[in-house]
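Each remark here refers to the structure printed beneath this line.
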Amino acid sequence: MARSRKLKIGVLGAGPISQAAHFEACRKAKNAELYAICDVAEDLLERVVAIHAPREAYGDYEAMLADPGVEAVIVAVADQFHVPMALEALEAGKHVLVEKPMGVTVEECESLRDAAGASGLVVQVGTEKRFDEGIAFARDFIREEMGEMLALKAWYCDSTRRYTMTDALQPVIEASESARTPEGDPKADLRRYYVLGHASHLLDTARFLGGEIESLRTRLVEKFGAYCWFSDVEFADGSVGHLDLTLKVRMDWHEGFQVYGEHGSVIGKTYNPWYYRSSDVECFWEKDGRYHRPLGADGHFFRRQVEGFAESILDGVPMRGANAEDGLAAMRGMVAMAHSAQTGEVVRLSEVRGGV
């Protein structure tokens with residue numbers, strides 16, 4: 001039976017991530033509607049509206065926020081604009097799904113966290129891997145069956161062949177010379193660009209599975225145009241971890257995790273999200289001497305992310321995605337990685353300030 005009540009979402013930003021993920025996710029979601037699209041580039045806005053047919057189209061963000069039909073906003077613009085645009089949406093009384101990373105400094109992420117708490121509105125961060133049913137299955141096993149955790153290893157290794165693969169999977173991306181971009185070239189500092197874009201996923205997955213990270217020590221090696229961050233991690237429960245962020249590996253996309261625990265262990269292989277394939281996960285349980293794994297899981301993480309966002313708003317369901325506190329924790333982790341890579345010292349996440 002079709003659901004009668006759908007969350008009306010306005011998407012801010014008609015760039016690549018909206019075209020490859022958010023527009024379709026809103027259209028396919030069972031409990032949400034792509035109600036409006038907003039972008040300052042008139043030519044780009046005209047083209048994406050022709051493709052996705054929202055009810056409304058806006059070239060001005062304030063005008064979209066003033067529309068009483070818009071109940072929630074997806075902030076899908078450049079990283080530097082995430083927090084200011086999310087704060088505007090909260091001030092207008094709109095719920096927010098903000099792309100990762102939540103911001104670019106610890107201080108501005110704290111300001112959004114505080115504003116989210118004061119507003120009573122839902123603020124969710126777009127780390128869609130929490131909606132990977134394989135990863136969620138692993139988390140349930142870790143929490144309910146595994147007992148105490150001994151150690152966690154996780155890796156996120158982007159590939160030199162990544163765009164060869166994703167170009168075959170994603171829609172043709174429309175572009176415009178009038179698109180609004182931040183000052184300077186975000187890729188001018190590749191260390192910062194890679195950490196903000198990729199470590200945000202790695203750190204959130206590690207926290208989602210293993211719990212709060214208290215400190216880390218990172219080594220960075222750069223060779224032949226590749227970057228490798230190895231981080232030794234201490235979790236709040238006293239267990240240890242190792243995080244591997246490498247760009248770009250001379251092999252296929254390589255992402256996954258291993259967790260060793262009191263009553264079992266978990267191993268997972270995660271795929272590039274554009275394949276819409278949930279992680280292959282096997283959980284070994286000492287109690288029955290067997291491996292357990294999910295089968296036939298739904299791999300459209302971006303649609304599931306929107307549906308989870310809408311459930312929290314429409315039905316009061318506890319948030320399955322990352323909240324503002326999670327977004328702040330990931331930011332602290334990224335800053336700690338950057339600082340530790342420079343100094344060689346152990347960095348406590350609770351003590352970091354500034355940006356990457």
| request: Consider Arg192 carefully, then state whether it is within 19 Å of Arg332 (Cβ to Cβ), under 21 Å from the mean Cα position of the chain (by Cα) and of a type outside the set (A, V, I, L, M, F, W, C). | output: yes
| task | Identify all residues within region 274-293 that are within 16 Å of Arg143 (Cα to Cα) and in a loop (DSSP other than H, G, I, E, B); write none if there are none. | result | Glu286, Lys287, Arg293
| task | Please tell me if Ala206 is surrounded by fewer than 19 Cβ atoms within 10 Å (Cβ to Cβ) and either among the aliphatic types (A, V, I, L, M) or under 29 Å from His300 (Cβ atoms) (or both). | result | no
| note | Residue set Val75, Val40; condition in the same structural domain as Gly93 (by TED's automatic domain parsing) and more than 18 Å from Ala310 (Cβ to Cβ); output residue Val40
| From the residues in region 254-273 that are outside any strand (DSSP E or B) and out of contact with any Asp or Glu (no Cβ under 7 Å at 6 or more places or on another chain), which one is surrounded by the fewest Cβ atoms within 10 Å (Cβ to Cβ)? | Asn272
| In this structure, does Glu311 turn out to be at negative phi, in contact (Cβ under 8 Å) with a residue 40 or more places away in the chain and in the same structural domain as Ala32 (by TED's automatic domain parsing)? | yes
| query | Has region 111-120 got at least one residue that is assigned to a helix (DSSP H, G or I), touching an Asp or Glu at 6+ places or on another chain (Cβ under 7 Å) and under 30 Å from Lys287 (Cα atoms)? | reply | no
| message | Can you list residue pairs whose Cβ atoms sit under 7 Å apart, with the first residue in region 277-298 being within 17 Å of Phe257 (Cα to Cα) and touching a residue at least 40 places away in the same chain (Cβ under 8 Å) and the second being hydrophobic (A, V, I, L, M, F, W, C) and part of a loop (DSSP other than H, G, I, E, B)? Count only pairs 6 or more apart in sequence or on different chains. | response | Ser278/Ala297
| query | Restricted to region 86-97, and to residues that are among the aliphatic types (A, V, I, L, M) and in a strand (DSSP E or B), which residue is surrounded by the most Cβ atoms within 10 Å (Cβ to Cβ)? | reply | Leu97
| said: So, Val106, is that one assigned by TED's automatic domain parsing to the domain that holds Pro16 and more than 29 Å from Ala310 (Cβ to Cβ) or not? | reply: yes
| field | Criterion: touching a residue at least 60 places away in the same chain (Cβ under 8 Å) and under 21 Å from the mean Cα position of the chain (by Cα) - qualifying residue of Leu97, Leu87, Leu44 | value | Leu97
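For every residue, the table says whether it meets (1) surrounded by 12 or more Cβ atoms within 10 Å (Cβ to Cβ); (2) modelled with pLDDT under 95; (3) part of a helix (DSSP H, G or I).
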residue	(1), (2), (3)
Glu183	no, yes, no
Arg217	yes, no, no
Phe230	yes, no, no
Gly238	no, no, no
| query | Which one of the conditions (1) assigned to a strand (DSSP E or B); (2) more than 25 Å from Arg191 (Cα to Cα) does Glu234 fail to meet, given that it meets all the rest? | reply | (2)
| message | Looking at Ala341 and the list (1) under 22 Å from Arg207 (Cα atoms); (2) in contact with a Lys or Arg (Cβ under 8 Å, 6 or more places away or on another chain); (3) in a strand (DSSP E or B), which single condition is not satisfied? | response | (3)
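The values are calculated or read from the model by the stated rules, or taken from the named source; none is laboratory data. All values reported here derive from a predicted model rather than from experimental measurement. Glycine gets a Cβ as well: all are built from the backbone with ideal geometry, and neighbour counts include every protein chain shown.
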